[in-house]
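Have a look at the structure below before the remarks.
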Amino acid sequence: MQPSPGEGDAWFAEQLAGGGDLAENYKALADACGVKFQIDYFGLMERDAQQHPERHVAADVTSLEMKQEYDRLMATDPAFAEQVRDREAPASTDTSDPVAALLDWHASATDEQKKLIGILCRGAFAIALGDQSEHEPRPLDKVTLDFRNRQLAQRIIADDSQRIYITYGAAHLPGVLASLQAADPGWQITTVKWMRGMATPEHLEGALPSMP
């Protein structure tokens, strides 16, 4: 997602980043878990983009475009508006934030305690992310997934390059592929390689989310 200082970024911070900077939150969580934040791996790509800007395109939408789609859905999609209101309503009197508690614990921990926190954190995420074959729908998926998927598919269709490499989250694949196939049924998946993000072994067998 591309930033849009002002109204767009303020909406994104409130709705999707817990009132702060999402990247900074992820960096802090990665440090506590003893792993690398994914953006840290894009250094080579960024250097190549500086040397060959014609090869690189920031194809994702801006935070302002996401807010505009959110506002459109709130005004035209009653089911979406109801889901958002239900999401914003407090479910209980328990306002504790487990991630914030973990980060506070990590900030005051000794080096040995930080090692233990990292092991526990990686284990928890490995279990939580162990089966991603079915994505559990969330109220804002119509903005964070569906809208962005349609926009990316349009960018791909409009591009006349013979080969395109896209860095995007796996949860976007079904929606992007569906949009591409709606325009041209010839689009298909020919090969899939899985990698485990937080735990060994590196080899991993998985299943793609339900595809159209």
- Item | Which listed residue, of Asp9, Asp48, is in contact with a Pro (Cβ under 8 Å, 6 or more places away or on another chain) and modelled with pLDDT of 80 or more | Asp9
- Message: Out of the helices (runs of 4 or more DSSP H) lying entirely within segment 1-69, which hold 2 or more residues that are more than 24 Å from Pro98 (Cα to Cα) and touching a helix residue (DSSP H, G or I) at 6+ places or on another chain (Cβ under 8 Å)?
- Response: 7-16, 43-51
- Item | Filtered residues of segment 93-143 (kept if modelled with pLDDT of 70 or more and under 21 Å from Met195 (Cβ atoms)) | Gly118, Ile119, Cys121, Arg122, Gly123, Ala124, Phe125, Ala126, Ile127
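The values are calculated or read from the model by the stated rules, or taken from the named source; none is laboratory data. Fair warning: this is a prediction, and the values are worked out from it, not measured in the lab. Note that each Cβ is placed from the backbone with ideal geometry, even for glycine, and that neighbours are counted across all protein chains shown.
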